[in-house]
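Here is the structure we will look at, set down as C-alpha cells.
The values are calculated or read from the model by the stated rules, or taken from the named source; none is laboratory data. Remember, it's a predicted structure, so these values are computed and weren't measured experimentally. A quick note on method: Cβ atoms are made from the backbone with ideal geometry, for glycine too, and the neighbour counts reach across all protein chains shown.
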C-alpha cells in the first residue's frame, strides 16, 4: 500500500494499492477505525485480485474533499526535515540497536 505513486511506479512493485493520502497515512486519519478498516479490507481485496505484474490499483478515498492544500504542502521541497550528518546518524542508529537488542 502506498501514498507515493511516482516512487511506486519507479520501483515497479509487483502489485500495489495507491491511496492519495499524505505520506505515512495510507490507512487514513487517526481515530477513524471504520475508515481504516475499510481501506485495509479494500487493499487486501485488490491484492487478491491483481493478476498482471506491476498493476497499481487506486483506491477512491479522499483525504479532505474540501481542502487539497496538503498535496502542495507535503510534496514541496523542504517539507521533510534535514538529514542528520553521517556521524550523528551513525550514533543514533547505534543507540537504537543497543536499546532494542537487549534481551
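Just checking, which of 98, 69 is modelled with pLDDT of 80 or more, more than 15 Å from residue 18 (Cβ to Cβ) and exposed (fewer than 11 other Cβ atoms within 10 Å of the Cβ)? Exactly one of 98, 69 is modelled with pLDDT of 80 or more, more than 15 Å from residue 18 (Cβ to Cβ) and exposed (fewer than 11 other Cβ atoms within 10 Å of the Cβ), namely 98. Is it fair to say residue 46 is in contact with a strand residue (DSSP E or B) (Cβ under 6 Å, 6 or more places away or on another chain), part of a helix (DSSP H, G or I) and either at positive phi or at pLDDT 90 or above (or both)? When the stated conditions are applied, residue 46 passes them.
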